[in-house]
Structure formats: C-alpha cells, structure tokens
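This report refers to the structure that appears directly beneath it.
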Amino acid sequence: MTNRILAKRELAPQITLLEVEAPRIQKRWKAGQFIIIRPLAGSERIPLTIVDSSAERQSITMVIQAIGKTTKEAVAMEPGQALCDLVGPLGEPATINTGQEVVCMAGGVGVAELLPVAKAFHEAGSRVTALCGARSDSYRILDEELMGVADVLQWATDDGTYGFAGNVVQLLLSIAGPGTFTEGHVIGPIPMMKAAAEATRGWGLKLHASVNPVMIDGTGMCGGCRVTVGEEVKFACVDGPEFDAHLVDFDELTRRNRAYREMEQEALKHDCHIGLG
Amino acid sequence: MAAQPPKYKPNPKAPRQALPLLNAEVRSRTPEEVALGFTPEQVSVEAQRCLQCAKPTCVDACPLHIDIKRFIARLADNDWQGAHDVISEQSPFPGVCGRVCQHELFCEDSCIVAKKWDPVAIGSLERFAADHARLRMKELAGSYPQPTGKKVALVGSGPASLIAAYDLVRLNYQVTVFEALHKLGGVLAYGIPNFRLPREILHEEIARLQNMGVEFVVDFIVGKTATLEELFEEGYEAIFIGTGAGLPYMMGIPGENLVGVYTANEFLTRINLMEAFKFPDSPTPVRVGKHSVIVGGGNSAMDAARWAKRFGSETTILYRRGRAELKARLEEVEHAEEEGVHFEFLSAPVALYGDENGYVREMECIRMELGEPDDSGRRSPVPVKGSEYRIPVDTVVAAIGQAPNPTLQKVTPQLITKRGKIVIDDHGQTSMPLVYAGGDVVRGGSTVILAMKDGRAAAKAMHEALSVEKPEEVEA
Ligand SMILES: Cc1cc2nc3c(=O)[nH]c(=O)nc-3n(C[C@H](O)[C@H](O)[C@H](O)COP(=O)(O)OP(=O)(O)OC[C@H]3O[C@@H](n4cnc5c(N)ncnc54)[C@H](O)[C@@H]3O)c2cc1C
Ligand SMILES: Cc1cc2nc3c(=O)[nH]c(=O)nc-3n(C[C@H](O)[C@H](O)[C@H](O)COP(=O)(O)OP(=O)(O)OC[C@H]3O[C@@H](n4cnc5c(N)ncnc54)[C@H](O)[C@@H]3O)c2cc1C
Ligand code: SF4
Ligand code: SF4
Ligand code: FES
C-alpha cells in the first residue's frame with residue numbers, strides 16, 4: 001500500500017526517521033528533491049526532503065523534526081499506518097559536479113537533508129568534507145551514514161560535548177579559507193545558511209543553499225514560496241529549493257517564514273484543548 | 001406533485017425570475033452560498049417563458065450542446081428528474097455549470113426571448129434541475145456498467161479533464177485522471193469560493209464519474225511522479241493534458257515580497273483548498289488585516305475581495321481601467337458591490353512599503369487615464385504624471401492573471417508551446433502523437449465552459465484516433 005509507514009526510528013530528541021512505501025517516488029527522485037505530505041486528512045501540507053530510498057523495499061526515507069502541529073502529527077504515526085497524502089518528487093535536483101573539492105555544511109535536522117547531497121557528490125567523484133552541527137552530542141544524527149559518503153566528517157556542537165565547540169561556520173573558518181574548496185552545499189537553519197554565505201563571500205567558492213520557505217502546493221501554483229535571489233524573484237518549490245547562497249536574500253526569507261508564527265502557535269494550542277496535540 | 005399538462009402556453013412576457021440571494025449584509029460575513037436557487041414556483045414561471053423554438057438557437061450556443069429546449073419543457077412539466085436526465089445526455093455538471101458558467105455569453109445570449117424581453121434564465125433552471133437530482137444520484141451509484149476498453153490518461157482534474165472523462169467512460173474507455181493536488185476539481189476546488197460553488201455540489205458531481213468507473217489518482221504530478229512516456233509504457237493508449245493555467249503573474253513592483261502580500265492563487269488556495277476560513281479548526285492560516293487591497297479586475301479579483309470582506313476586512317478592488325472593462329462575470333461584480341467591496345477604478349499600484357518586521361503597511365498608487373485603443377481594441381490605461389498617492393494596507397492580493405502550469409512542458413521538450421501555452425491542431429492534438437490538450441493550458445486563462453468544450457472535442461478526437469488504430473471499434 002502506497003504511503004504506508006514501514007519503519008520509524010527516533011534519531012535524536014524530537015528528530016524522527018520515517019520510512020514510507022512510495023514506489024514511484026523511489027524510482028525517480030534525485031538528491032536535493034523533496035516531497036509534500038499531509039499526515040492526516042485534516043492536516044496542513046508540509047514539505048520534507050527525501051533523505052534516502054530503497055529499491056528493494058520500494059520506499060523513501062524522511063527525517064522529521066517535530067516543531068509544530070503537522071510535524072508532530074507525522075511523528076506520532078506508527079508503522080502500518082499510511083500517510084494521508086504524499087506527493088513528489090518535487091523541486092529541482094541539487095547541483096552535483098564531479099571532480100570538485102566540496103564542503104557540505106548542515107545543522108540540526110539539515111544534517112539528514114545533507115546526506116543525499118553528500119552521497120551524490122561522493123558518487124560523482126568529488127571529494128567531500130562534511131561539516132555538521134548539533135546542539136549537543138545527543139542531538140547528532142546519521143553519523144555512520146555520513147561517514148560512509150564523506151571523505152572527511154567533522155562535528156561541531158554548541159556546548160562542546162562532541163567535536164568542535166561552536167557552530168558549523170566557526171568550524172569552517174577554523175579549517176578552511178579562500179581556495180580550500182571549489183564547491184559547497186549548505187542546508188539548515190536560516191541564520192546558519194546566511195552566516196555560511198557571508199563567511200565565504202570572496203572565497204571563489206560556488207556555494208549552493210537549499211532554502212526552506214513556507215510552501216503550500218509545491219507545484220509552482222501559489223507563489224507563496226517565493227525567494228529573492230539576486231535581482232530575481234524565484235519560486236523555491238519549482239525553481240529551487242537550491243539557489244546560489246551568495247545571492248539569496250536570507251533576511252527576507254526569515255521575515256516571510258515568521259509570517260504565521262503566532263497563528264501556528266494558536267493552531268497547536270487549539271488542538272491541545274481537544275486532546276489531539 | 002399535481003399533474004401538469006405536458007404542453008404549456010409560453011408566456012415570455014412574464015418577468016424574468018430573479019435568483020433569490022442571501023441578504024447582502026448577512027452574506028458578507030459567512031462562507032454560505034450567496035445564491036439560493038429558484039423556488040419551484042419560480043421554476044414554473046421561468047420555464048414557461050421559453051418559447052420551445054423550432055430552431056432553438058440556445059442549444060447551438062451552449063458549447064456542450066445541452067438540449068436546453070427539452071430540459072426546460074420537462075421543468076415546465078414539473079418533471080425535475082426528467083430535466084436532469086436530459087442534461088445528463090451532454091453534461092454531468094449542471095450543478096457546477098448552473099452556478100459558474102458564463103451563460104450570459106453563451107446560451108442566454110442567443111435566447112430568442114432576449115430579442116424582446118430578458119432571456120430565459122437558463123443557467124438558474126439548469127442549477128435547479130441539478131439540485132433536485134442530488135438525492136437520486138446517490139441511489140444510482142451502484143447501477144453503472146463498468147468500462148472494459150482501452151486505457152486512457154487525463155492529466156489534471158479541472159473541468160476540461162472532467163468532461164473528457166465523462167465522454168470517454170461512456171465510450172467504454174478505462175479512464176484514469178491524475179491530479180497534482182490532494183483534491184479534485186482544479187480551479188473549481190482551489191480557486192472558486194465555497195460561497196459561489198458549495199463543495200458538496202462539486203464532490204457529488206465528481207462522485208458520479210467515480211461511480212461510472214473513472215479512476216481518480218490524487219497527489220500525482222505528471223512530469224514529476226511519472227513522465228508521459230512512462231504512462232504510455234504502462235499501457236495508456238492516449239493522454240489528454242488539462243493542466244490549466246495556474247502560474248500566477250507577479251506585479252513586479254518594489255515590496256512585493258513583504259508579509260501580507262499574496263497572489264490570488266495563494267490567497268484563494270489557503271482559503272478554499274485548505275479551508276483557512278475555519279482556522280484554527282483547519283490547520284492552514286491566512287493573514288487578512290483591517291485594510292485589504294485586491295489588484296485586478298477578473299473573477300479571481302472578485303473572489304479574493306469577497307473573501308477578504310468575509311474575514312471582516314475593509315476591502316478595495318484596485319483596477320487600472322474602468323468598470324465597463326472589468327473582466328469578471330457581471331453577477332459577481334454586482335454581488336461584490338452589494339457586499340460592500342469598494343472599487344477604485346483607473347488606478348494602479350507602484351510600490352509597497354512595510355514596517356520594520358517586513359509586514360506590508362502602505363501602497364503607493366498612481367492614477368490612470370484611458371488612452372488610445374490597443375491591439376485588443378480596449379483603451380489602454382496610461383499613468384497620470386504626478387498623481388501618486390498612498391493608502392494604508394495590511395493585506396494585498398495580486399489578481400492580475402495566470403500563465404499555463406509549466407511543470408509538464410518543462411520535462412517534455414517534444415511538446416510544442418507558444419508563450420507557455422501548449423499548441424494543438426484542429427483536433428486538439430499536440431505535437432506529440434496521441435497526446436491531446438485543452439482548457440486553460442492551451443487558451444491561457446479562460447472559462448469553465450470553454451475548458452469543457454475543449455475536453456469534449458479532445459475526447460472525440462481520442463476516440464477517433466484509438467478506433468482507427470485498431471479495426472475493432474470500441475462500442476459505445
Ligand atoms: C524544501 C523543504 C524541505 C524541508 N525538509 C525538511 C526535512 O527534511 N525535515 C524537517 O524536519 N523539516 C523540513 N522542512 C521544514 C518543514 O517543512 C517545516 O518544519 C514544517 O512545515 C513545519 O510544520 P508544522 O506544522 O509542524 O509547524 P508550524 O507550526 O507550521 O511551524 C513551526 C515553525 O516553523 C516555521 N515553518 C512553518 N512552515 C514552514 C515551512 N513550510 N518551512 C519552513 N519553516 C516553516 C514557522 O515559521 C514556525 O515558526 C523543509 C522545508 C522545505 C521548504
Ligand atoms: C479564482 C477564479 C475564479 C474563476 N471563476 C470563473 C467563473 O466564475 N466562471 C468561469 O467560467 N470561469 C471561471 N474561472 C476560470 C476557470 O476556472 C478556468 O478557465 C477553468 O477552470 C480551466 O479549466 P482547466 O480544466 O483547463 O484547468 P484547471 O481548472 O486549472 O485545472 C487544472 C488542474 O490540473 C492540475 N495539474 C496541473 N499540472 C499538473 C500535472 N503536471 N499533473 C497533474 N495535475 C496537474 C492542477 O492542480 C489543477 O487541479 C475562474 C478562475 C479563477 C482562477
Ligand atoms: S452549460 Fe453554460 S452555456 Fe450550456 S446551458 Fe448550461 S449555462 Fe448555458
Ligand atoms: S432560445 Fe430561448 S426560448 Fe428558444 S428554446 Fe432556447 S431557451 Fe427557449
Ligand atoms: S509552494 Fe506554491 S508556488 Fe511554491
């Protein structure tokens with residue numbers, strides 16, 4: 001049965017992996033693409049990155065950080081249940097070049113989203129340095145999987161409980177400078193992506209950022225996901241989600257992503273009242 | 001029901017019956033349907049206004065060729081179900097068309113009665129027949145023969161595909177409709193508001209196709225989830241593309257990405273498809289502030305404005321031409337006016353200004369005057385120098401038109417397009433063999449009934465092509 005949850009695993013507090021049966025998407029997806037799900041019939045549509053797939057099990061894997069109503073609904077589901085809706089693969093695949101010195105940077109749940117990109121670079125014959133960030137040692141995810149695809153893997157934790165003490169961008173600056181890398185990919189919280197872009201401006205590094213605006217349809221129909229890239233307005237769900245990190249207007253993205261904050265909180269509380277939250 | 005004589009004496013002089021409406025003040029606060037529909041008494045009077053012409057011009061003018069004369073005769077005879085049966089010969093969507101079809105441009109425009117009096121209210125009669133057949137539709141559910149013929153795929157579930165599905169399933173084709181969104185109906189589901197088209201009506205008319213054996217697959221984006229080539233490999237022998245014109249145009253003015261600035265598609269999708277009017281009982285919110293400005297003059301603009309009004313916002317439609325040039329259905333313009341939507345004609349936005357948090361707060365507008373007629377024959381608006389002025393605003397909706405959805409075209413370079421629109425020949429066939437197209441993806445923004453006309457034409461062409469290919473004809 002399509003959309004059925006085959007496996008569920010908690011990777012870290014609030015971060016859950018779901019493996020879902022999706023034969024068509026499994027066959028067609030490429031690194032950097034995403035899906036939209038509605039866990040339940042009454043749910044919002046939310047975008048999630050495709051992290052992995054299995055041809056044998058006809059499945060795809062997603063890793064979800066439960067931060068709001070819909071993500072909580074999703075991680076509350078159990079194997080055997082089916083997601084109400086699952087559509088994809090959406091967006092353009094990530095830019096994957098061969099023979100590059102690549103730095104892949106991610107923080108938080110972005111580490112999971114980074115995995116397929118790092119893997120694709122690796123398989124394309126680029127040398128991959130993965131720099132991953134977590135709040136603390138116990139929040140590190142997919143360490144083993146990343147080890148299998150990165151030539152170098154380094155962790156940064158905010159509290160210094162594992163690896164470099166500090167954030168990913170500080171880690172980057174401690175090991176690299178102009179010319180160290182020819183290409184890069186960054187994915188994670190907006191402040192981190194912005195800092196990575198600022199830090200590497202003028203390095204001659206082609207840095208791709210995978211952005212995460214609020215989306216609805218994911219098919220280019222509503223324009224809600226628009227992002228300013230250089231002089232142009234782009235629809236992240238069809239033109240992206242990957243753009244040139246040095247051209248993305250991250251401040252605008254931050255403001256647009258906050259648009260519904262109070263309302264989302266209201267929605268979360270609202271459901272708690274009737275015991276669904 | 002008292003038996004009526006089958007023949008009546010036409011009385012075209014009787015005043016055209018006015019469609020009863022919910023009180024304007026009440027309706028500007030609820031998502032309930034605005035038009036209530038004729039009473040049986042009104043149906044009787046209105047049906048008897050029809051002359052039962054020997055050469056009913058109305059039937060030719062209806063792009064679906066519904067036998068209007070005959071269904072009106074049945075209504076006049078109080079045979080409401082019979083009227084629905086007559087309509088069903090050509091269309092399974094009288095509930096939809098009776099509400100949103102631009103009948104003033106088609107059937108009613110050519111009604112003979114209009115030569116001397118007001119035309120017969122064909123649209124409202126059609127709607128009545130539909131509304132009174134709803135219960136029986138459920139009873140009929142199990143009684144349709146299931147198709148066994150060749151497989152065909154229809155892409156998109158808007159009106160173009162829906163009518164094609166009806167025609168093809170009746171010709172015994174196994175029809176699959178692929179829809180990108182999680183709900184069926186295209187613009188009927190995400191664009192047109194509930195207060196103009198209650199969703200039960202749409203769902204029930206689509207359910208009838210389901211009962212007839214049409215398979216609907218939601219969450220399936222042709223070009224992404226599977227390509228056209230893959231569909232052919234999976235055994236579909238012909239494909240119709242009815243993907244619509246969903247790509248919104250942007251205004252291209254400074255401040256367009258401020259919070260509170262929407263395209264009509266996003267605004268309407270949040271409210272109609274995701275039911276933001278029920279938030280927080282529904283999960284997707286929408287921001288409607290105290291002052292809403294809707295830019296544009298078409299159906300989308302009216303719909304967005306009337307929703308904004310229903311959220312309690314002071315609402316203005318800003319249009320760069322005059323009232324006479326509005327492109328929306330006249331009825332919708334009048335309803336918007338009655339509901340208290342303010343119209344500001346001959347004005348256009350030039351910039352938007354926000355506060356420190358990036359929320360839109362002010363719109364700068366410029367006055368326009370009508371200059372020389374352009375290519376389309378309409379007088380084009382020209383900005384009046386130095387006439388800029390600012391208005392406070394916290395919600396802006398750009399309803400300035402849409403281009404064809406590009407997803408499928410982007411991954412199918414063999415499909416020839418012209419400015420984004422898929423190019424077809426006289427039979428609705430695209431540049432790819434056995435791939436047909438119609439509706440908004442071919443016409444750009446158009447109307448429900450013209451999309452249906454295209455879907456019907458394509459279904460016919462598909463049937464002809466598939467019947468010729470192999471000699472054993474598919475039986476109707
Ligand atoms: C292309 C793309 C890929 C993504 N991949 C992943 C992934 O692999 N794993 C994962 O855990 N998350 C991913 N996200 C983010 C995820 O979609 C949001 O966390 C989710 O929509 C929040 O929904 P909610 O109802 O749980 O929270 P809400 O209550 O809706 O929101 C909680 C907070 O998240 C912000 N937010 C709301 N909607 C979105 C949104 N669509 N995108 C980003 N932030 C949002 C709000 O501003 C709010 O502050 C991705 C987003 C995009 C655009
Ligand atoms: C707000 C609004 C109000 C309107 N009001 C009226 C009115 O009152 N009267 C009137 O006559 N006309 C009206 N129109 C115009 C009318 O709705 C359209 O002309 C008509 O719906 C076009 O039908 P269609 O079948 O071509 O496409 P659509 O109705 O646009 O349907 C296309 C469908 O295809 C889906 N799709 C797109 N790409 C893919 C893909 N690759 N794979 C699978 N599915 C895909 C879309 O999600 C969509 O559901 C209105 C339009 C709007 C936007
Ligand atoms: S479908 Fe439209 S044109 Fe045809 S009879 Fe109905 S209202 Fe008139
Ligand atoms: S043209 Fe008018 S009067 Fe004549 S049959 Fe049609 S609806 Fe009746
Ligand atoms: S999410 Fe609607 S256009 Fe991208």
- request: Take A:Ala82, project a point 7 Å from its Cα along the Cβ direction, then tell me which residues of segment A:1-25 have their backbone nitrogen under 20 Å from it.
  value: A:1-8, A:18-25
message: Could you tell me the calculated FRET efficiency between B:Ile416 and B:Thr148, based on Cβ-Cβ distance and R0 = 35 angstrom, to the nearest 0.05?
response: 0.55
- prompt: Using modelled amide H (1.01 Å from N, peptide plane; none on Pro or chain starts), what sits under 5 Å from the amide H of B:Lys151, excluding residues fewer than 5 places away?
  reply: B:Gln174, B:Glu237
- line: The set of residues whose placed amide H lies less than 5 Å from the amide H of A:Gly133, leaving out same-chain residues fewer than 5 positions away, is A:Ala106, A:Gly107, A:Gly108, A:Ala156
task: Starting from the Cα of A:Asp159, step 7 Å along the direction of its Cβ; do the same at B:Glu233; then give the gap between the two resulting points in nm.
output: 5.1
task: Starting at the first residue of segment B:102-116, write each ³J(HN,Hα) from the Karplus equation 6.51 cos²θ - 1.76 cosθ + 1.60 with θ = phi - 60°, in whole Hz, x for Gly and Pro.
output: 7, 4, 5, 9, 10, 4, 6, 5, 9, 5, 4, 4, 5, 4, 10
Close Lys-Lys pairs in segment B:1-144, where close means Cα under 27 Å and separation is 8 or more or interchain: 18
statement: Length gained if B:Val218 through B:Lys55 is fully extended, taking 0.36 nm per residue and subtracting the Cα-Cα distance, is 54.4 nm
- request: List the lysines whose Cα lies under 29 Å from the Cα of A:Lys8, skipping any in the same chain that are fewer than 8 positions away.
  value: A:Lys27, A:Lys30, A:Lys69, A:Lys72, A:Lys119, A:Lys269, B:Lys183, B:Lys224
message: Please list 3J(HN,Hα) in residue order for segment A:35-43, calculated via the Karplus relation 6.51 cos²θ - 1.76 cosθ + 1.60 where θ = phi - 60°; whole Hz, with x for glycine and proline.
response: 10, 10, 10, 10, x, 10, 4, x, 7
field: Estimated FRET transfer efficiency (B:Thr30, B:Asp109; beta-carbon r; R0 25 Å; 0.05)
entry: 0.20
message: Below 8 Å between Cα atoms, with a sequence gap of 6+, how large is the relative contact order for segment A:101-257 in percent?
response: 19
- prompt: What is the Cα centroid distance between segment B:70-137 and segment B:1-69, reported in whole angstrom?
  reply: 7
message: Apply the a/c threshold of 1.5 to the C-alpha gyration tensor of segment A:101-257 and tell me whether it is rounded, prolate or oblate.
response: prolate
statement: In whole Hz, the Karplus estimates of ³J(HN,Hα) for segment B:246-251 (6.51, -1.76, 1.60; θ = phi - 60°; x where Gly or Pro) are x, 7, x, 6, 9, 6
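If you count, for each residue, the other Cβ atoms within 10 Å and average over each peptide, how do B:74-83, A:82-91 line up from highest to lowest?
A:82-91, B:74-83
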query: Given the rule -39500 (n - 2.57) for each run of at least 4 DSSP H residues, summed and divided by the residues of chain A, what is its mean residue ellipticity at 222 nm, to the nearest 500 deg cm²/dmol?
result: -7500 deg cm²/dmol
statement: Which residues qualify? For B:Ala226, with a placed amide H closer than 5 Å and at least 5 residues away or on another chain, they are B:Ile221
- line: If each part is reduced to its alpha-carbon centroid, segment B:244-302 and segment B:366-395 end up apart, in Å, by 23
- prompt: So, with +1 on the Cβ of K and R and -1 on the Cβ of D and E, and no other charges, what is the size of the charge dipole of the protein assembly as shown about its Cα centre, to the nearest 20 debye?
  reply: 1480
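What 222 nm value per residue comes from the helices of chain B, counting each DSSP H run with n ≥ 4 as -39,500 (n - 2.57) and dividing by all residues, nearest 500 deg cm²/dmol?
One gets -9000 deg cm²/dmol as the mean residue ellipticity at 222 nm.
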- prompt: So for the pair B:Asp426, B:Ser376, with labels modelled 7 Å out along Cα→Cβ, what separation do we get in nm?
  reply: 2.9
Cβ-Cβ FRET estimate between B:Glu139 and B:Ser387, R0 fixed at 51 Å, reported to 0.05: 0.25
statement: Using alpha-carbon positions, the gyration tensor of chain B gives root eigenvalues a ≥ b ≥ c; with a/c under 1.5 called rounded, otherwise prolate if a/b exceeds b/c, else oblate, the class is oblate
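FYI, it's all coordinate maths here, none of it is from the lab. Please read all numbers here as calculations on a predicted model, not as lab measurements. All Cβ positions, glycine included, derive from the backbone under ideal geometry; neighbour counts span all protein chains shown.
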